[in-house]
Amino acid sequence: AFNACARASLTPDDLVPTQHVDAVVSLRDLDEDLEKLLRRLEPCGAGNPMPVFGVPGAIARDPRTVGANHLKFTLDDSTGQLSAIGFDWADRVGDGWLRERVDVAFRLELNDFRGVPDLQGRVMQLKPTG
C-alpha cells in the first residue's frame, strides 16, 4: 500500500537529491578569520551542522585525483581562488564537467596537511552550471 501511494504521488523530480546551502558567496569573502569564526560554532553534528557555502558558475582549475578516489582542484570564481577537495568524488564527475563552469557547495575548513595550514573547501556537492 505504501509503495502504491508513493508511485501515485511522487514524480521523478521528487527523487532528485538536493543540497542545502546556507549562503552563496564570492571566494574573495572567504579567509582564515571566517574559518576561525566558524570553529566557534562547534561542536557540529546532526543538531548543529557546519555551514555550507555555495559558489555558482566557478571554474575547477587543475583537477586531479589524489589518494584512492578523491578529487582535488582549485576553485576560481574570478573574485578569488580556494583549494578544494571532494572525498570520493573522482569517479562521480561526469566527462567534461570540469571543462565547463560548475556550481559547488562546500564546507570551509583549515587543512593542516603535513603541518602546513591551508584554507580549503570540502566539496559537498558539485554539478555543471545550468
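The values are calculated or read from the model by the stated rules, or taken from the named source; none is laboratory data. This one's a predicted model, so the numbers in the text were calculated from it and none came from an experiment. Positions of Cβ are generated from backbone atoms using ideal geometry, with glycine treated the same way; all protein chains shown enter the neighbour counts. Note: accessible area is taken over every heavy atom of the protein model, side chains too, but ligands, DNA and RNA are not part of it. Shrake-Rupley method; radii C 1.70, N 1.55, O 1.52, S 1.80 Å.
Within the range 93-117, work out how many residues are exposed (fewer than 13 other Cβ atoms within 10 Å of the Cβ) and either touching a Gly at 6+ places or on another chain (Cβ under 9 Å) or part of a strand (DSSP E or B) (or both).
5
Which condition breaks for Ile59 when tested against (1) assigned to a strand (DSSP E or B); (2) open to solvent by 40 Å² or more (accessible area, probe 1.4 Å); (3) closer than 19 Å to His20 by Cβ?
(3)
For the range 1-56, how many residues are open to solvent by 90 Å² or more (accessible area, probe 1.4 Å), aliphatic (A, V, I, L, M) and in contact with a strand residue (DSSP E or B) (Cβ under 9 Å, 6 or more places away or on another chain)?
1
Inside the range 118-130, can you point out the residues that are in a strand (DSSP E or B), open to solvent by 30 Å² or more (accessible area, probe 1.4 Å), farther than 12 Å from Lys72 by Cβ and of a type outside the set (S, T, N, Q)?
Selection gives Met124, Lys127, Pro128.
Restricting to the range 81-92, what's the tally of residues that are open to solvent by 20 Å² or more (accessible area, probe 1.4 Å) and either in a loop (DSSP other than H, G, I, E, B) or modelled with pLDDT under 95 (or both)?
5
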